[in-house]
Amino acid sequence: MIKFILIRLLQAVPVLFTVVLVTFFIIRQAPGGPFDSEKAVSPYVLEKLNERYQLNDPVHVQFGNYLVDIIQGDFGPSFTYPTRSVSEMIFTGLPVTFELAINALLVALLIGIAAGLIAAIKKNTAADYVSMSTAMIGICMPSFLLGPILILVFGIYLEWLPVSGWGYSDGDKILPSITLGAAYAAYIARLTRGGMLEVLGQDYVRTARAKGLAEHVIIFKHTLKAGLLPVVSFLGPAIAGLLSGSFVIETIFQIPGLGRFYVDAAFNRDYTMIMGTTIFFSVLIVAFNLLSDIIAVMLNPRLSYNEEQM
Amino acid sequence: MASIPSTRQNPTASSSIDIVEGRSLWQDALSRLKQNKLAMTGLYFLSFMILIALLTPWIAPYSYETQNLDMGATGPSWAHWLGTDTFGRDLLTRIMYGGRVSLMVGFVATAVALVIGVLWGAIAGYVGGKTDAIMMRTVDILYALPFMIFIILLMVVFGRSMLLLFLAIGCVEWLTMARIVRGQVRVVRKQEYINAAIAMGLSHWHIITRHVIPNILGPIIVYVTLTIPSVMLLEAFLSFLGLGVQPPESSWGLLISYGVESMEEYPWLIIFPGAVLSLTLFALNFLGDGLRDALDPKASKD
């Protein structure tokens, strides 16, 4: 178990190094520097700016410096907003994005597991078909379509809920969380149903039934843990998806989170900000994948042996 | 899909009436697929969309770009079945042209993923040993990267060109393909007919392309069908953010993002493009699920 975690931690190092390397060199290839603006800047000022941001050093020196800086948690100043540092902006946006992702994940888990359980227990009945068809709609309906439709229906026609913001008025967190969580609820429902059906078909479940255990005891005490394994393995990728899903949701609902900053930085060619957020997102995603792998192994220790044999 | 069984017909079947016509695995799969109503509906819908997309330049009711600012946005009518947008452009025409781009991104990017993934996975699985370990470790490392972010990065840095979009999305999706193919090849590799082929002195390249890959076509086809919708979704996502397909080109994602801007006054501008995109994704997913059940009855859990 500890060996497994160590192996996984060590594997994360080359991944993160690759992220930094690739990001750095892609940004270097960018046509048009951050100081190319419509207003002509005098060569002297440009020279000073380049010096200020160390753009005149050889590439490998710049990369080395950058690597040292980010290990210390310093992503440098933002190119677009010179008075603010990238780290500062990341940590302003992060709590918002995190809260959004957590809310969406809770929505997804609650609805997804409930719907999947019902579908598995009442297999091939109307309840099964309805929840699985709804899940399919959830998967095929992109968030950038669902969001506006929810805004239109609940915000504009019914006027039940606010259509933008985050924590500015009562209930403005509901629509973004549902929009972001919907597709994941759908995946989780399908995974739960599949996982539960497989477990419910096992011999030990037949034994449990034969000795007259109540159905709810069988479901919640004997099969749920094993049946939810696929959901646990899905959590890592899901969180990665929720974080990049925040790009769209935060744009639609005008939420001042990290995803919105990233999209803005992408449009403004704010190089340090793009690099900072890319690397930061990567670390988060690698960390969550690691975490979900570890939880999966704790639930099913056999997995770690497969890993070590590879 | 329908052309696959014909390549596998039993050549002797027609020569003598005494011989009971053999049913290949592909024919079995096709008959299973035909019983799946949802999958067949998906297949018909998809064929219809592809046909429309191919014929668009000839059958589109209006010109794609002609603006009529005096008319502005109007709701569905006999002249404009799906209404017009704020510039007075016919929405049906724009959805048809947008579909060409969306479907093309789906198919081309999946083709890129298919070629890289199948070759990578087949070589790794066939050669085995250290080569396999190194190649699959590379896939593992790439797998852990946050690709959505990297595609955005590429689109920002290198300009928002269609070619780059194809390549960038294709380069993401090949990883899963490589894993699936490699797993299948490792199974096929141990079969006797591969040993026989080696004993007959066939080149490795010949064995991979003529004997290994044809025997793992089933899972590949299934995965391809399921990759196309996820690629189309990715393209729509990027276009929605303004980082994918750029005007004057259009795609369903882009039409939806225009629709959002004025959905309060003109809801049809988001409803119709949204419905077309969702229905197409629906059709592809149902077809993919149906194909999986048809080609690999063991894998379907219920």
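The values are calculated or read from the model by the stated rules, or taken from the named source; none is laboratory data. Everything numeric here is computed off the predicted structure, so don't read it as measured data. Here the Cβ is made from the backbone with ideal geometry for all residues, glycine too, and neighbour counts use every protein chain on show.
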* Asked: Condition test on A:ASN300, is it surrounded by fewer than 20 Cβ atoms within 10 Å (Cβ to Cβ) and within 11 Å of chain B (Cβ to nearest Cβ)?
  -> no
Inset, instruction - Check segment B:105-124 and report whether any residue there is farther than 24 Å from A:LEU242 by Cα, in contact (Cβ under 8 Å) with a residue 24 or more places away in the chain, surrounded by 20 or more Cβ atoms within 10 Å (Cβ to Cβ) and within 14 Å of chain A (Cβ to nearest Cβ). - result: yes
Checked B:TRP174, B:TRP205 against criteria (in a helix (DSSP H, G or I), modelled with pLDDT of 85 or more, out of contact with any strand residue (DSSP E or B) (no Cβ under 7 Å at 6 or more places or on another chain) and closer than 23 Å to B:LEU103 by Cβ); the one match is B:TRP174
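For segment B:211-221, indicate whether the set of residues that are at the interface with another protein chain (Cβ under 10 Å from one of its Cβ atoms), in a helix (DSSP H, G or I), touching a residue at least 12 places away in the same chain (Cβ under 8 Å) and not polar (S, T, N, Q) is non-empty. It would help to see each step written out before you state the result.
From segment B:211-221, those at the interface with another protein chain (Cβ under 10 Å from one of its Cβ atoms) are none; that's our starting set.
No, because not a single residue in segment B:211-221 is at the interface with another protein chain (Cβ under 10 Å from one of its Cβ atoms), in a helix (DSSP H, G or I), touching a residue at least 12 places away in the same chain (Cβ under 8 Å) and not polar (S, T, N, Q).
What tally of residues in segment B:31-67 results from selecting those that are under 16 Å from B:GLY99 (Cα atoms), hydroxyl-bearing (Ser, Thr, Tyr) and modelled with pLDDT of 90 or more? Full working, then the answer.
Looking only at segment B:31-67, we keep the residues that are under 16 Å from B:GLY99 (Cα atoms), and these are B:45-65.
Right, trim to hydroxyl-bearing (Ser, Thr, Tyr) and you get B:47, B:56, B:62-64.
Now drop any that are not modelled with pLDDT of 90 or more, which leaves B:47.
Adding up the residues that qualify gives 1.
I need the helices (runs of 4 or more DSSP H) fully contained in segment A:77-189, keeping only those with at least 2 residues that are acidic (Asp, Glu) and away from chain B (no Cβ under 12 Å).
Values: elements: A:86-121, A:126-140, A:143-150.
Answer list for segment A:77-189: A:86-121.
To keep it simple, each residue is scored yes or no on (1) within 28 Å of B:GLY159 (Cα to Cα); (2) within 11 Å of chain A (Cβ to nearest Cβ); (3) out of contact with any Gly (no Cβ under 7 Å at 6 or more places or on another chain).
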{"position": "B:SER250", "(1), (2), (3)": "yes, no, no"}
{"position": "B:TYR258", "(1), (2), (3)": "yes, no, yes"}
{"position": "B:GLU264", "(1), (2), (3)": "no, yes, yes"}
{"position": "B:ILE270", "(1), (2), (3)": "yes, yes, no"}
{"position": "B:ALA275", "(1), (2), (3)": "no, yes, yes"}
{"position": "B:LEU279", "(1), (2), (3)": "no, yes, yes"}
{"position": "B:ALA283", "(1), (2), (3)": "no, yes, no"}
{"position": "B:LEU287", "(1), (2), (3)": "no, no, no"}
Filter segment A:142-157 for residues that are modelled with pLDDT of 85 or more and aliphatic (A, V, I, L, M); the one that is nearest to A:LEU228 (Cα to Cα) is A:LEU146
Residue set A:VAL231, A:VAL205, A:VAL199; condition within 14 Å of another protein chain (Cβ to nearest Cβ) and either at pLDDT below 80 or over 30 Å from A:SER85 (Cα atoms) (or both); output residue A:VAL199
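Would you call A:GLN62 away from every other protein chain (no Cβ under 14 Å), at pLDDT below 80 and in a loop (DSSP other than H, G, I, E, B)?
On the way: away from every other protein chain (no Cβ under 14 Å): yes; at pLDDT below 80: yes; in a loop (DSSP other than H, G, I, E, B): no.
Here the answer is no, as A:GLN62 does not meet what is asked.
In segment B:222-248, which residues are polar (S, T, N, Q), in a helix (DSSP H, G or I) and either surrounded by fewer than 22 Cβ atoms within 10 Å (Cβ to Cβ) or more than 13 Å from chain A (Cβ to nearest Cβ) (or both)? If you could, list the steps in order and put the result at the bottom.
From segment B:222-248, those polar (S, T, N, Q) are B:225, B:227, B:230, B:239, B:246; that's our starting set.
Adding the requirement that they be in a helix (DSSP H, G or I) leaves B:225, B:227, B:230, B:239.
Correct list: B:THR225, B:THR227, B:SER230.
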Per the filter on segment B:203-218, residues farther than 11 Å from B:VAL185 by Cα and surrounded by fewer than 18 Cβ atoms within 10 Å (Cβ to Cβ) are B:SER203, B:HIS204, B:TRP205, B:HIS206, B:THR209, B:ARG210
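Table: residues versus (1) more than 18 Å from the chain's Cα centre (by Cα); (2) of a type in the set (Ser, Thr, Tyr); (3) under 25 Å from B:LEU46 (Cα atoms).
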{"site": "B:ARG189", "(1), (2), (3)": "yes, no, no"}
{"site": "B:MET200", "(1), (2), (3)": "yes, no, no"}
{"site": "B:TRP205", "(1), (2), (3)": "yes, no, no"}
{"site": "B:LEU217", "(1), (2), (3)": "no, no, yes"}
{"site": "B:VAL224", "(1), (2), (3)": "no, no, yes"}
{"site": "B:SER230", "(1), (2), (3)": "no, yes, yes"}
{"site": "B:GLU249", "(1), (2), (3)": "yes, no, yes"}
{"site": "B:GLU261", "(1), (2), (3)": "yes, no, no"}
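Got a sec? Which of B:ILE123, B:ILE116, B:ILE151 is in a helix (DSSP H, G or I), β-branched (Val, Ile, Thr) and touching a Phe, Trp or Tyr at 6+ places or on another chain (Cβ under 6 Å)?
Details: B:ILE123 fails: touching a Phe, Trp or Tyr at 6+ places or on another chain (Cβ under 6 Å); B:ILE151 fails: touching a Phe, Trp or Tyr at 6+ places or on another chain (Cβ under 6 Å).
None of the others qualify; the one that does is B:ILE116.
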Within segment A:80-91, of all residues that are touching a residue at least 60 places away in the same chain (Cβ under 8 Å) and touching a Gly at 6+ places or on another chain (Cβ under 9 Å), the one surrounded by the most Cβ atoms within 10 Å (Cβ to Cβ) is A:VAL86
In segment B:154-167, residues that are without any contact (Cβ under 8 Å) to a residue 24 or more places away in the chain and part of a helix (DSSP H, G or I) total 4
Per the filter on segment A:83-117, residues at pLDDT below 90 and farther than 20 Å from A:GLY147 by Cβ are A:THR83, A:ARG84, A:SER85, A:VAL86, A:SER87, A:GLU88, A:MET89, A:ILE90, A:PHE91, A:THR92, A:LEU94, A:PRO95
So, first residue under 13 Å from B:VAL276 (Cβ atoms) and in contact (Cβ under 8 Å) with a residue 12 or more places away in the chain in segment B:36-54, second residue part of a helix (DSSP H, G or I) and polar (S, T, N, Q), Cβ within less than 7 Å, six or more apart or across chains; the pairs are B:MET49/B:THR280
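Matching residues to (1) over 22 Å from A:PHE24 (Cβ atoms); (2) out of contact with any Ser or Thr (no Cβ under 7 Å at 6 or more places or on another chain); (3) surrounded by fewer than 22 Cβ atoms within 10 Å (Cβ to Cβ):
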{"residue": "A:GLY212", "(1), (2), (3)": "yes, yes, yes"}
{"residue": "A:ILE218", "(1), (2), (3)": "yes, yes, yes"}
{"residue": "A:PRO230", "(1), (2), (3)": "yes, yes, yes"}
{"residue": "A:ALA238", "(1), (2), (3)": "yes, yes, no"}
{"residue": "A:ARG269", "(1), (2), (3)": "no, yes, yes"}
